[in-house]
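The values are calculated or read from the model by the stated rules, or taken from the named source; none is laboratory data. Since the structure is predicted, the reported quantities are computational estimates derived from the model, not experimental observations. Reconstructed Cβ throughout: ideal geometry from the backbone, glycine too, with neighbour counts over all protein chains shown. Keep in mind that these areas ignore ligands, DNA and RNA; they rest on the heavy atoms of the full protein, side chains included. Shrake-Rupley method; radii C 1.70, N 1.55, O 1.52, S 1.80 Å.
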Amino acid sequence: MRTNAFSCLDLLLCLLCPVLLGAQPSRGWLTVDTVMRDPVWMGTSPKQILWSEDSRWIYFTWRRGEDKGDSLYKVPTGGGTPVRVSLDECRSMPSHGGHWTIDRQRKVYQKNGDIFLYDIRTSSSQPLTRTVDIESDPRFAPEGDAITFVRNGNLFHRKLTSGLETQLTDLRTGVAPKETPKSVQQAMLEREALRLSAVLQKRRNDRESAKALRDALAENNPKPHYLGQRTASQLGLSPDGRYVTFLVTERPSGTKTANIPNYVTESGYTEEIPTRTKVGDAPSTFELFVLDLARDTLIAVRPDSLPGILKPPADTSKGKKAVARSAFYSGVVWSDDGRQALTQVFSQDNKDRWIVLLDIERATISTVLDHQRDTAWIGGPGIGAFGETVGFLPDRKGVWFQSEADGWSHLYTVGLDGRNKVQVTGGRFEVYDLRLSRDRKRWYFTSNEEHFGERHFYTMPLGGGTRTKITFMEGQNEAVLSPDEKRIAFLHEFSNRPPDLYVMDNAPGAKATRITDSPSAEFRAYDWRSPMVTTFKARDGAHVPVRLYEPERPNGAAVIFVHGAGYLQNAHKGWSSYFREYMFHNLLADKGYTVIDMDYRASAGLGRDWRTAIYRHMGGKDLEDNVDGARWLVEQHGIDAKRIGIYGGSYGGFITLMGMFTTPGIFAAGAALRPVTDWAHYNHGYTSDILNIPQEDSAAYRRSSPIYHAEGLQGALLICHGMLDVNVHYQDAVRLAQRLIELRKDNWELASYPVEDHGFAEPTSWMDEYRRILRLFDEHLGRSEGR
């Protein structure tokens, strides 16, 4: 009996997981508990690729069987077996980034709150500071033998030869101290006291003399400037050493932060977690300042002269004048010769971006180089206030930047007089991660020119012309160029293959050598589908990208997965960031379901019009695309129109709710995971771009918020939400639940997860959630065997 029992068990395990027999990959053995385990079971892909400064080594984060967590590995540039980096080597390694000398022989960088100097000739680092304060933002000063850095919100200068450290700014919070004026009576009493006592008079004279001496000795110290409750950031010294530029941020007073309760705590008491304000609350304000060190003057750069910045008054009958809209700035970028400075200015409502030259001496805007206005909101790859998204051309006669002027994010140049604007790249594709070559004669960038679902690494001459594709393997390729620009390390992935590390020469068609092979044997035992990447035609004629999972034995039912974030791309040829959902879709296909996920309107990678199609109406064009996808399934793939389900998380959960509430008869069942139910309760930065603010555009919020349409629920609805969600608050689910109760709806349920945030962390939570989703579809889409 015991032998037979073990034989049965062995047979069962082999049926469930063919890897135990070393069989060819197969299908049909997946379960929810299998795919929702700790992802370590799959094998861990490499990430965070870095090159050594001498281009001899490739570093990356990886995890192998014996590792207790992600570890740092390295491999020679020519390939070979990766080895784990020792703790001593980790400590001695220079940080990624930093600031180089013009000859790229030395680099200054920050690590663990201190400043270090790296010399590439000796491959060694030298600490320049070792303090309990945090030093940051080190840069070489114009004279070359000194650096600047930030400490405690102020800019410092340090000579490398002598070690002399000089404080350049004295920016302080609060207000300048003022001597309280004396009343007439107090002044009279003080005057008489001094007249009657020679001792008091002498002591006063001594104090004043001592103060005068201290002031004379400290005449080279920077003058204090008081910022009130504002904070300074991005401090930088002009190349001539005379001016300091910096941004100042002031948080609004009187706003209310939404807190969420945490019930499952170590203390045993309910604790509150502070999160964020809500859309429509007063946002922070921003200013750009120029501090003249020679004259000791501090002046704010005013945006009032920018074309289109003025906002007409709501009521012109009372003689009110137009006022400048609030704006925020990127940091200041200097030309190599130090003669020109530029910045980007964005309107607070994010409908305008200006790229401008600054007159630093006068602290004014001198020339508008480019003005991009979007009636929806400014956005797209390479367009934003953070990172090096603009710069001077090598000849110092123009500026480069990205713009969606033709509807797609492309590279442009413009002269320093704001004329001769040239579009350098063009076409129905987008450009990502632009950078100049070291010799400043070529561009390197990534784009989806080959196919909307692929990413490849390209190079192109400085002035434009032929774009040369360097990577060649179908799928998505995340390339990192070596410092000497001779080699490329890249993560390659395909729709059914997680990312792995490759290395190749920086030449088109060069051989790519695989460095890592990460999937586990158990992961390889399943024959993972490569979903077909295609398009279908929406009702307005647009072609919507979609990934199609086709079952071997269709059961006539279908499931539509809706990706989150809104502006995100998922219908591509790469490994999905929704890898758990990808595996779940394979499980569904094994059970006979046809599955699709699409890049509906508002998704990334498809240009400006696609990105902004949901302006003032979330749940409009984006939902229509999902409904049209259901119609396509019926017409082209033989799906029963009454047996279609829909599910997704975050924005995908929101679309699921809108589909269940506003498109009766389309979806028989839906699972809304961590969904936004009322956009007036979400954050300001994301929501105000798309729907403006609720007090000024209440109609947009009402038509876009599921809670206002809950009476339309017909099919079966599952809502799942983490109670510690600091992004989309659990309150959204609770308020909707109360609304459904009051509407006397009985075809819904709410599953709550007490220890989970927006993205679940615990495998048991993932398992519970997806068991419920599978049960929902099996019960309401019908005619498939439960698993």
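A few notes on this one:
- Simple spin-label estimate for T131 and H225 in nanometres, 7 Å along Cα-Cβ: 2.0
- Here the contact order of segment 701-756, divided by its residue count and restricted to Cα pairs under 8 Å and six or more residues apart, works out to 48 percent.
- The chain: Cα Rg divided by the 2.2 N^0.38 Å rule of thumb: 1.11
- Set of aspartates and glutamates near K159 by C-alpha distance (under 13 Å), chain-local residues within fewer than 8 positions excluded: E143, D145
- Distance distribution P(r), segment 420-539, all Cα-Cα pairs, bin width 10 angstrom from 0: 12, 38, 30, 15, 5, 0 percent.
- Count Lys and Arg as plus one, Asp and Glu as minus one, and take only other residues whose Cβ is under 10 Å from that of L72; the net charge is then 0.
- Annotation: extensible slack from K421 through R735 equals 107.9 nm (criterion: 0.36 nm per residue apart, minus Cα-Cα distance).
- Segment 477-557 - accessible surface per residue (Å², probe 1.4 Å): 41
- In order along segment 338-343, phi translates into HN-Hα couplings of x, 8, 10, 9, 9, 8 Hz, rounded to whole numbers, per the Karplus curve 6.51 cos²θ - 1.76 cosθ + 1.60 with θ = phi - 60° and x for Gly and Pro.
- Once C-alpha pairs closer than 8 Å and six or more residues apart are averaged by separation and normalised to the residue number of segment 241-389, the relative contact order reads 17 percent.
- Between the beta carbons of T367 and A23, assuming R0 = 60 Å, the FRET efficiency works out to 0.30 to the nearest 0.05.
- Segment 342-380-segment 508-548 distance, computed between alpha-carbon centres (Å): 39
- Ranking of D517, D689 by solvent-accessible surface, largest first: D517, D689 (1.4 Å probe, protein heavy atoms only, all chains present).
- Take every pair of alpha-carbon atoms less than 8 Å apart whose residues are at least six positions apart; their mean separation over the length of segment 340-494 yields a relative contact order of 11 percent.
- Charge tally in the Cβ shell below 15 Å around A300, where Lys, Arg are +1 and Asp, Glu are -1, A300 excluded: -3
- Sparsely packed trypsin sites (Lys or Arg not before Pro) within segment 353-394, loop by DSSP, other Cβ within 10 Å at most 14: R362
- Seen through its C-alpha gyration tensor, with square-root eigenvalues sorted a ≥ b ≥ c, segment 276-398 comes out prolate because a/c lies at 1.5 or above while a/b is bigger than b/c.
- Placed amide H near E135: partners under 5 Å, 5+ positions off or other chain: D114
- Placing one equal scatterer on every Cα of segment 19-79 and applying the Debye formula, the log10 ratio I(q)/I(0) at q = 0.22 Å⁻¹ is -0.93.
- Computing Rg and the Kirkwood Rh from the Cα coordinates of segment 662-768 gives a ratio, Rg/Rh, of 0.98.
- Expected-Rg normalisation [2.2 N^0.38 Å, Cα atoms] applied to segment 502-644: 1.20
- When the alpha-carbon atoms of segment 115-174 are used, the pair Rg, Dmax equals 12.4, 47 angstrom.
- Ranked by solvent-accessible area (1.4 Å probe, protein heavy atoms only, all chains present), the residues K68, K202 order from largest to smallest as K68, K202.
- For the residues W377, W354, a 1.4 Å probe over the protein chains yields an accessible-area ranking, largest first, of W377, W354.
- Both radii were evaluated on the Cα set of segment 190-258; the Rg over Rh quotient, with Rh as the Kirkwood radius, amounts to 1.28.
- Karplus-derived 3J(HN,Hα), 6.51/-1.76/1.60, for each residue of segment 662-678, Hz, glycine and proline x: 10, 10, x, x, 7, 10, 6, 7, x, 10, 9, 9, 6, x, 6, 10, 8
- Remark on A146: its backbone amide H falls under 5 Å from those of A141, L160, a criterion applied only to residues 5 or more positions apart or on other chains, H modelled at 1.01 Å from N.
- Counted charge near G236, where neighbours are those whose Cβ lies closer than 10 Å (Asp, Glu -1; Lys, Arg +1): 0
- Kirkwood-Stokes translational diffusion coefficient of segment 560-645, alpha-carbon pairs, 25 °C, 0.890 mPa s, µm²/s: 177
- Across the alpha-carbon set of segment 189-323, the Rg to Rh ratio works out to 1.20, Rh being the Kirkwood radius.
- Rounded to the nearest 500, the helix-only mean residue ellipticity at 222 nm of the chain stands at -6000 deg cm²/dmol, with each DSSP H run of n ≥ 4 adding -39,500 (n - 2.57).
- Set of segment 406-434 residues, backbone N closer than 19 Å to the point 7 Å along the Cα-Cβ line of R339: 414-420
- Spin-label pair M473/Q695, simplified geometry with 7 Å Cα→Cβ offset, distance in nm: 5.4
- For segment 97-256, the equivalent ellipsoid derived from the alpha-carbon gyration tensor has semi-axes of 45, 22, 13 Å in decreasing order.
- Karplus-derived 3J(HN,Hα), 6.51/-1.76/1.60, for each residue of segment 644-650, Hz, glycine and proline x: 10, x, 9, 7, x, x, 6
- Taking every protein chain into account, the 1.4 Å probe leaves M473 with about 40 Å² of accessible area, to the nearest ten.
- Shape call, segment 342-420: gyration tensor on alpha carbons, a/c limit 1.5: oblate
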